[in-house]
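Undergrad: One structure coming up, written as structure tokens, with questions to follow.
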Amino acid sequence: MNALLKSKQEAAASRLDGVQAPTDAGWSTHAREDALARVRSTGLPSRRDEYWKFTRPDRLTAAEGSEAALFLHEEAPVFGDHDRLKIVFVDGVFSAERSDDLTLEGLEISRLADASDISWAAELYGKLETSGQTPVERPLAALNTALATDGVLIRAFETPSKPVSLIYVHEDTHSDAILHHVIKVEAGASLTLLENGPAAARFNKCLEVDIADSAEFHHVRAQGRDHERCAVTHLFARLGEESTFKSFTLTVNGVLTRNEVVIDLTGDNAFAHVAGAALGDGDFVHDDTVFVTHDAVNCESRQVFKKVLRNGATGVFQGKILVKAGAQKTDGYQKSQSLMLDGDSQFLAKPELEIYADDVACSHGSTSGAIDEDALFYLRARGIPKTVAIDFMTLAFLAEAVEEIDNQALADEINGRLEGWLTRRSAS
């Protein structure tokens, strides 16, 4: 056994010491036991792993999570003006008192912690996560499958009248939450999922989404404004024929946030778009790691990530498009850009293409730069204060990512949050 693997296994043993996996998991027991065995075998991630070389995983793998202060003042809730079915988790535990009635036409919704034997969920729980471990190991996702204590199971057999909104509340300064959600969108149905809120001091979340033929899944996520959050999220999606997947994430602050997205296009004529906007200030590390596999004909994938960084913040983007043999007429597009508001921040990017088909159109680009001084002078010459002009240019820079949101009302909500963040930072 080499020294690196041994140290990773020791880290896993330390993390798991004294931790009890759910003993009454019922239908998910086999998946959990398999995931736990994989964690013990592969160990937890190390900085020496290829896909962790830009981001230190220590805070996510330590036996005990760090402390995170609570906010003492309220802010208008994200998506608060939208009609939605609200499902609330407080420090990783479902709260029936704060949630709406889980009955909505076109949907079956159950809580992971107390769900009985649900055949469709048993066929999915941990399955997409397991397949997403190849060719890149994702041990924190396997850890989630093994130890998740709560989450939701949603089956959309028709298109509901409103989105489902997962709301995370943080009330314990030392909370360590592990949530696992499983979603199945049946043929011809469409589901919109919203997520927001600071979940815990340390948060590990896994979302598995199976999208059947001609089905649609839309996902808009706003990751809180808590400065001390350490979080890793995993989104595994499998797309059927002529299906649609669109996901957008807004991330503001946080000590360490790593969002992993693994998409597998298995049906012809499917398309998957994933986008994100991140705003970081000071002790901030934000990492988007995306892996898209084209394994069908005439599919489209699009990745658009924009990061605004200042005061020593760090942004990371690792994105790969894998086109398998036979996946002809693939259209794969990837863009990652950063806007540096000072000379102290850094943007680390690793775009990749791996292609085994000959009739494809794939491209990637990554750039990093400062505010355009000529454009800034133009705006200031017309009487616009410098801070306001910089805010205008920042919003224009982020616009391409926000435009990936199909629902205009939700896009307006995200733009409003961006403007609020910029206003607060300009005043500080």
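Undergrad: Taking 0.36 nm per residue of separation and subtracting the Cα-Cα distance, what length does fully extending SER131 through LYS350 add?
TA: Length gained between SER131 and LYS350: 76.6 nm.
Undergrad: Of the residues ILE414, ILE178, ILE390, which exhibits the maximal mean-square fluctuation in a Gaussian network model of the chain defined by a 10 Å Cα contact cut-off?
TA: For the chain, modelled as a Gaussian network with Cα springs under 10 Å, the answer is ILE390.
Undergrad: Would you mind ranking SER7, SER214, SER161 by Cβ crowding within 10 Å, fewest neighbours first?
TA: SER161, SER7, SER214
Undergrad: Next up: I'd like the distance separating the alpha-carbon centroids of the range 125-189 and the range 8-52, in whole Å.
TA: Taking the Cα centre of each part, the range 125-189 and the range 8-52 sit 17 Å apart.
Undergrad: First select every other residue whose beta carbon is under 10 angstrom from the beta carbon of ALA156; then total the charges, Lys and Arg +1, Asp and Glu -1.
TA: Its environment carries a net charge of -2.
Undergrad: Hey, in the GNM for the chain with a 10 angstrom Cα cutoff, which one of ASN311, ASN253, ASN407 fluctuates hardest?
TA: ASN407
Undergrad: Among the chymotrypsin sites (Phe, Trp or Tyr not before Pro) in the range 327-359, which ones are in a DSSP loop with at most 14 other Cβ atoms within 10 Å of the Cβ? Mind listing them?
TA: Passing sites in the range 327-359 are TYR356.
Undergrad: Rounded to the nearest 0.05, what FRET efficiency do ARG380 and THR266 give with R0 = 45 Å and r taken as the Cβ-Cβ distance? Could you check?
TA: The formula returns an efficiency of 0.30 here.
Undergrad: Can you work out ³J(HN,Hα) from phi for every residue in the range 199-206, in order, using Karplus 6.51 cos²θ - 1.76 cosθ + 1.60 and θ = phi - 60°, giving whole Hz and x for Gly and Pro?
TA: Karplus-based 3J(HN,Hα) across the range 199-206 equals 6, 5, 4, 10, 10, 10, 10, 10 Hz.
Undergrad: While we're looking at this one, here's another question. Work out which trypsin sites (Lys or Arg not before Pro) in the chain are exposed loop sites (DSSP not H, G, I, E or B, at most 15 other Cβ within 10 Å) and give the longest gap free of them.
TA: Between the exposed loop sites, the longest stretch runs 99-323.
Undergrad: Follow-up. With the dipole of the chain worked out from charges on the C-beta (+1 for Lys and Arg, -1 for Asp and Glu) around the Cα centre, which of PHE377, LEU250, VAL290 lies farthest toward the positive end?
TA: Positive-end residue among those listed: PHE377.
Undergrad: Let me know the charge dipole size of the chain about its Cα centre in debye, to the nearest 20, where only the beta-carbon of Lys, Arg (+1) and Asp, Glu (-1) is charged.
TA: That gives the chain a dipole magnitude of about 1280 debye.
Read the figures in this text as sums done on the coordinates, not as results from a lab. Remember, it's a predicted structure, so these values are computed and weren't measured experimentally. Positions of Cβ are backbone-derived with ideal geometry, glycine not excepted, and every protein chain shown enters the neighbour counts.
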